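The values are calculated or read from the model by the stated rules, or taken from the named source; none is laboratory data. No experiment lies behind these values; they were computed from the predicted model shown. Heads up, the Cβs are rebuilt from the backbone with ideal geometry, glycines too, and the neighbour counts pull from every protein chain shown. These accessible areas exclude ligands, DNA and RNA; they are computed on the full protein's heavy atoms, side chains included. Shrake-Rupley method; radii C 1.70, N 1.55, O 1.52, S 1.80 Å.
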Amino acid sequence: MKVAVEVLEAHDLMPKDGGGTASAFVEVDFDGQRRRTRTKPYDVNPFWNEILFFDVADPLDLPSSTIHVAVYHDRSAGGGGGHQQGRSFLGRVRLFGSSVAPSSAEAAIQVCSLDRRRLFSRVRGDLSLRLFAVPNSSKASSSSHSPSTTAAVPETHSSENPPPASKEKKVFHTVGFEPAQIRTKEFMNMEKNHSRSHHFRAEAPQPPAAAAAMHVEARPQPKSDYVLKETQPPVAARRGYRGGAKIASTYDLVEQMEYLYVNIVKARNLPAMDITGSVDPYVEVKVGNFIGKTQHVERNQNPEWDQVFAFSKEQLQADRVEVWVKDRGVLRDGLVGKVSVPLVEVPWRLPPDSPLAPQWYRLEDAERREEVGRGEVMMAVWKGSQADEAYPEAWHSDAHTIPLEAVLHTRSKVYFAPRLCYLRVHAIAAQDLVPSEETRLQPETHVKVQLGSQIRFTRPSPVRSLNPSWNEEFMLVGCEPFDEPVIITVEDRLAPGRDVPLGRLVLNKPRIPTQADHRRIMPNQWFDLSKPTFFSEDTTTTTSEERRRDSKFSSKLHLRIFYDAAYHVIDEPIQYSSDFQPSSKPLRKQSIGILELGILSAKDLVPMKLSNGVATADAYCVARYGPKWVRTRTLLGSLSPKWNEQYTWDVFDPCTVLTIAVFDNCQLHNNGNKNGNGSKDQRIGKIRIRLSTLETNKLYTHYYPLLSIQPSGLKKIGELHLAIRFTCTAWTNMVTLYTKPMFPKMHYVKPIPVLQMNYLRTQAMGVVMSRLARAEPPLRREVVEYVLDVGSHLFSVRRSKANFGRIVLLLSGVTAVARWFDGIRNWKNPVTTILVHALFLILVFYPALILPTVFLYLFAIGAWNYGSRPTEPPHMDTELSCAETVTTEDLDEEFDPFVTRKSIEVVRRRYDRLRSVAGRVQELVGFLATQGERVQGLLSWRDPRATGIFIVFSAILAVVFYAAPIQVVLVVVGLYVLRHPRLRSKMPSVPYNFFRRLPAMSDMLL
C-alpha cells in the first residue's frame, strides 16, 4: 500500500526574496522517505497540484505514523541578488496517519495553518493538502487523479538531514477524521480487497430513506463528527479585498448575496372597477414563477402599501420584473394595470448610499398596451445585498408558500433585553391597624409584597397586636420601563389559606428612589395604608393623594424601599455569563473592544417537519451577548440554509461567553394569528464561545457541530458555519480588567446569599422572557429558555458524572507528580534521581534560589507550551460532557420534569440508586472527617498514651531543631525520604502506623 500526499496550493506566504515574493516548494517526509514538489518562482500564492507517493511498510502502523510537510523558499530560483544557494524556511505542518482517507474519492481538502520552527520564526500563511491511500495494484489509476502528476518527478534527498521534530499539532481540518482503530481496519481491508472496490467504510451504509426521517436515527457516529472544521470562505475580511471585490459595507465577515428589491409605496388615481364606483386594490410583483402580493385596501383609489419585496439572485427566472395592480373581487380579481421594468435597466445600490427615491410609473393596460386612465403607482426597483436596510423588513421570495401574515415570523430582528434592577423592600412595622372583626384585637399579621408576578410574604409578626413588627427584607427584580406598581398589603391570617387584607399600599416608580452608592443609607419612611375596599387592580391609575383624601384611614406602614442599581442582575448561569455590568448606567465602564459575528450558513440539518409531504426544516439562529439579542431570517424549506448576516456587540469584559442557538420555526402556518399557532419552536443545537479564548484581531471561520442531548442519546443535528472576530480597542483597560473583580463592588460589600441569588436569577429569567415575548415578532419563551439554559441547576446524573470527571482530570496532575516522586524514591531512573538529589542539596544550602527557581520553571513551562497553544475557538466536548457514554436510564431521568411524572415504581428504583450513590459519598465524607479528628486527637488526650508519646517526641524535636542547623535537618530528612529501595522496608512507616492508631469520633456515632 502507498500513501499519496496531494499538494494543492499555498496562500499568503512570507516574502523572502527582498522583492515581496517567494519561490516556494514543498517537501514531504514520511517514514524516512522524502519527496518534494517543483519550485514556483516569484509567487506567494503558489499552485502545485502535484501528488507525491510514499510506501507504507505496515498498514497497522499508519494511524500512529507522522507526516512532516515543510515549505521552503528556493534561493537559487528566487534570487534576491546574485546566485544564492540553499533554502529559507517558510513554515511547516505536522499530520498524522489517522487523517489519511481510504481512497481519493473520500479525501477532503485540509487547509493547514503553517507553524513556526522556532519561537521567533517569522511564518504566516496556510497550505492546502489531500491525503489518501492507494493500493499497490492501483498505481496507474491513482496517477490519473491529477494531470500534473506525471510531469512532477519526485526528487529524493536522502543525503539531507531530516527536518527537526515538530511541535504539537496545530492544524485545522475541513472535515473530521475517524478514530485510528476504524482507519486501521479500513487499511487492512483495502490491502486485502483492493481488487473489488476502492471505497472502504467500517460501518454499514445507511439506507437512502433514513434522510427523510423525522428524527435523528440512533446510529453510532465517529468521534470526528463532533470536532471543529476550519474553512476558508470567500469573505472580504479573509481575502483582504483582493481583486476589487470589496463589499461597500461593514459586511466583511459574510459572503455577499445579491437581491432584487422592489419597493411598492402607493398608487393614485386608480379607475373604478366595480358597480360601487370604487376599487379594492392590491399589488402583485412577479419575477418569473415567484409572485409576491401586498395586502388589499378596501375601497380606496389612492392606496398606500409601503411594502418591499426581495428576490434572490438565484431565483431570478426572467429578464424583467412585472408589477400588476389588481382589484380584489368576490369571484375573480380584476386587472387594473401593470408596469414592466427590464432587469438590465435596474441600478445597483450598496450602503452607505442613501435609499433609492421611488418614482411614479404610469399603469398600462396589459392587453392594449395603453396608459390612458389607468392610474399611477409609486415604486422603486434596485439591486442590492443583505447589507441593504430594506433586507430585514422585506418579503422574500422563498416565503411565497406561507400566508402573508406569517411573514412577520420570518424576519431578522435585533432585540434588547430590558435593564433589570433589584428592588429592596424592608418591612419594619405597622401602627394603628384596623382589624377585620371588632373582636379580633390580636390578629396574626404578615406583609405581602407583589411586583408583577413576583410575590413575597413575611413571617407572621411575633407581636400579635394592632401594632405589629416584622423587620424583614426582601429583594425582587424590576425592569425598565418601571410601569408595574409595587403592591404592599398587610394581611391577617384567619385560617390556613384564608387571609384578609387589613390595608394596602400602591407605589409607582416616581415614589420609589434609586440607590447607586453603597455608602448612602436610604432612610425609612412611614406610608399611609388605604382601605382594601378603595383599591382595585383595574384602577391603578388612582393616585395615593386621591385615595387619602377620600378615606380618613389612619393605619401606617413603616418601610424602607428603593431600587438598588449598584448590583448586576444575574439572569443566566454565572459560569457562562455574557455580562457583568451594574444596573446603574453611571457605574458602567467603557467598552474595551468589539465582537463581530458572521452567521454564514448551516449544512446537513436533520429534517424537523413534513411540508407538503417533503421532510424539511425552517431554520433560524438566535445569538445573545449581554443585553443584545439577534435573530436571523428564517429560511424556509432548506436543510442547508445560507443566512450571511453579520452583527456586532460592544465588549466590556473579555471573560464572557457568546451563545448561538439554532431553531426550527413552527409559527409559519398560523392562519393569520400574529402570536403564532401555539406550537413551540424546536431546538436544533447550541454553541458557546468564550471571548477570552479568542486572539484579538484574528478571524475564525469554522463549522461548529450542532449537538443535542435527546432521550435516545447524543445526536448531531447538523453543522453551523460561523465567522468570529474580536477586536480590542483599549489594550490597557483590557489587561487591567484581569486584576479587577468580575462583579460590581456591591456584590462584595453587601453580598447576596446563594439561595436568594438563585431565586432572584429565576425571577430575572422570567422577567426577560416575558418582556422579549412582547416584541414583534416575539422571541418566544422556549427560545429564551434554551439560550439562557434555564434548567442547568436541576440534578442530572450525566452532569454529575461530568463534574466528577473534571475533578479527576484536575487532580490527575497531582497524581502524576506523586507517581514521578515515587519513581524518584524507588530509583527507577538513577540519573534522574541523582539530579534530584543534587538539586535538593543546592536548594537546601542556597534557600534564596528557591523562589527564583520556581518562577523561572513556571516561565519556562509557559513559554514551552506557547507553541502548542489552542488555535481554535472552544466548542462542546462530548467526552467531557459524558454524552457518548450516558445510559438511556440516565437520560430519561435528566429529561424528567422537576415535578416528576413517572410511576411510583420508577421513582422508587431511582431513589434506591440515589441512596447507593449517596452511601459511597457518605463513606468518603466520613473518611475525611476521621482523618481530621485524628489530627485533633494528637493533643486532645482522648488516647492518653498516644498524646503522651506525641508531646514527648515534640519536646525531643524541639531540642534537636534548636541545637542543629536547619540545613542539616533538611538534608537528613531529605536523604532519608529519597534513600535507596534496598535501605527501605516494605512495611508501613512508623509515623503512618502511629497516625492510624489515633482515635476518632466514628465510634461515637449511633
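Quick one: is residue 742 farther than 20 Å from residue 232 by Cα and open to solvent by less than 20 Å² (accessible area, probe 1.4 Å)? No: the conditions fail for residue 742. Going through (1) under 30 Å from residue 466 (Cα atoms); (2) touching a Pro at 6+ places or on another chain (Cβ under 6 Å) one by one, residue 428 falls short only on (2).
Among strands (runs of 3 or more DSSP E) entirely within the stretch 607-704, having at least 3 residues that are touching a Gly at 6+ places or on another chain (Cβ under 8 Å) singles out 642-651.
Just so you know, in the stretch 912-948 the residues that are part of a helix (DSSP H, G or I) and acidic (Asp, Glu) include one that is farthest from residue 804 (Cα to Cα), and it is 933.
The set of residues in the stretch 98-120 that are among the hydroxyl-bearing types (Ser, Thr, Tyr) and either in contact with a strand residue (DSSP E or B) (Cβ under 7 Å, 6 or more places away or on another chain) or buried (at least 21 other Cβ atoms within 10 Å of the Cβ) (or both) comprises 99, 103, 104, 113.
Listed by first and then second residue, the pairs with beta-carbon distance under 8 Å, at least 6 apart or on different chains, first residue in the stretch 684-713 and closer than 26 Å to residue 653 by Cα and touching a residue at least 12 places away in the same chain (Cβ under 8 Å), second part of a helix (DSSP H, G or I) and open to solvent by less than 40 Å² (accessible area, probe 1.4 Å), are 686/786; 686/787; 688/576; 690/576; 699/237.
I'm trying to understand the selection: among the residues of the stretch 217-267, which are modelled with pLDDT of 55 or more and β-branched (Val, Ile, Thr)? Correct list: 227, 231, 235, 250, 254, 262, 264, 265. Reported count of residues in the stretch 798-824, each being closer than 28 Å to residue 712 by Cα and not basic (Lys, Arg), is 8.
Hey, could you check the stretch 863-895 for residues that are more than 25 Å from residue 689 (Cα to Cα) and hydroxyl-bearing (Ser, Thr, Tyr) and say which is least open to solvent (accessible area, probe 1.4 Å)? Ranking the qualifying residues of the stretch 863-895, first place goes to 887. Selection of strands (runs of 3 or more DSSP E) fully inside the stretch 286-386 by the criterion of at least 1 residues being loosely packed, with under 14 Cβ neighbours inside 10 Å returns 304-312, 334-342, 359-362.
Within 25 Å of the chain's Cα centre (by Cα) and hydroxyl-bearing (Ser, Thr, Tyr) - does that describe any residue in the stretch 869-879? Looking for residues that are within 25 Å of the chain's Cα centre (by Cα) and hydroxyl-bearing (Ser, Thr, Tyr), one finds at least one in the stretch 869-879, hence yes. For the stretch 958-979, the criterion of being in the same structural domain as residue 833 (by the TED database), outside any helix (DSSP H, G or I), out of contact with any Cys (no Cβ under 9 Å at 6 or more places or on another chain) and under 16 Å from residue 826 (Cβ atoms) is met by at least one residue.
Quick one: residue 955 ticks every box in (1) in a helix (DSSP H, G or I); (2) of a type in the set (A, V, I, L, M, F, W, C); (3) open to solvent by less than 50 Å² (accessible area, probe 1.4 Å) bar one, so which box is it? With respect to (1) in a helix (DSSP H, G or I); (2) of a type in the set (A, V, I, L, M, F, W, C); (3) open to solvent by less than 50 Å² (accessible area, probe 1.4 Å), residue 955 is out only on (3). For the structure I just gave you, tell me whether residue 4 is on the phi < 0 side of the Ramachandran plot, hydrophobic (A, V, I, L, M, F, W, C) and in contact with a Gly (Cβ under 9 Å, 6 or more places away or on another chain). Criteria not met by residue 4. When residue 926 is tested against (1) free of Cβ contacts under 8 Å to residues at least 12 places away in the same chain; (2) assigned by the TED database to the domain that holds residue 837; (3) not aliphatic (A, V, I, L, M), just one condition goes unmet, and that condition is (1). All told, residue 782 meets the bar of being of a type in the set (Asp, Glu) and out of contact with any Leu (no Cβ under 8 Å at 6 or more places or on another chain).
For residue 901, the criteria (1) open to solvent by 90 Å² or more (accessible area, probe 1.4 Å); (2) in contact (Cβ under 8 Å) with a residue 12 or more places away in the chain hold in every case but one, which is (2). Among the residues of the stretch 10-67, just one is under 14 Å from residue 128 (Cβ atoms), acidic (Asp, Glu) and crowded, with 17+ Cβ neighbours inside 10 Å, namely 50.
Within the stretch 982-999, residues that are assigned by the TED database to the domain that holds residue 825 reach partners that are of a type in the set (Lys, Arg) with beta carbons closer than 7 Å, at six or more positions or on different chains, in the pairs 995/934; 998/934; 999/942.
Residue 414 satisfies every condition listed in (1) more than 30 Å from residue 579 (Cα to Cα); (2) aliphatic (A, V, I, L, M); (3) open to solvent by 20 Å² or more (accessible area, probe 1.4 Å); (4) touching a residue at least 40 places away in the same chain (Cβ under 8 Å) except (1). Among the residues of the stretch 288-301, are any more than 17 Å from residue 258 (Cβ to Cβ), small (Gly, Ala, Ser) and assigned by the TED database to the domain that holds residue 381? Yes, that holds for at least one residue.
Is one or more of the residues making up the stretch 963-974 more than 30 Å from residue 801 (Cα to Cα), open to solvent by 50 Å² or more (accessible area, probe 1.4 Å) and touching a residue at least 40 places away in the same chain (Cβ under 8 Å)? Yes, because at least one residue in the stretch 963-974 is more than 30 Å from residue 801 (Cα to Cα), open to solvent by 50 Å² or more (accessible area, probe 1.4 Å) and touching a residue at least 40 places away in the same chain (Cβ under 8 Å). Taken over the stretch 772-819, the criterion of being under 23 Å from residue 452 (Cβ atoms), over 23 Å from the mean Cα position of the chain (by Cα) and open to solvent by 40 Å² or more (accessible area, probe 1.4 Å) is satisfied by 774, 776. Screening residue 906 with (1) more than 30 Å from residue 998 (Cα to Cα); (2) modelled with pLDDT of 90 or more gives one miss only, at (2). When we screen 836, 783 for residues that are within 30 Å of residue 897 (Cβ to Cβ) and not aromatic (Phe, Trp, Tyr), the only hit is 783.
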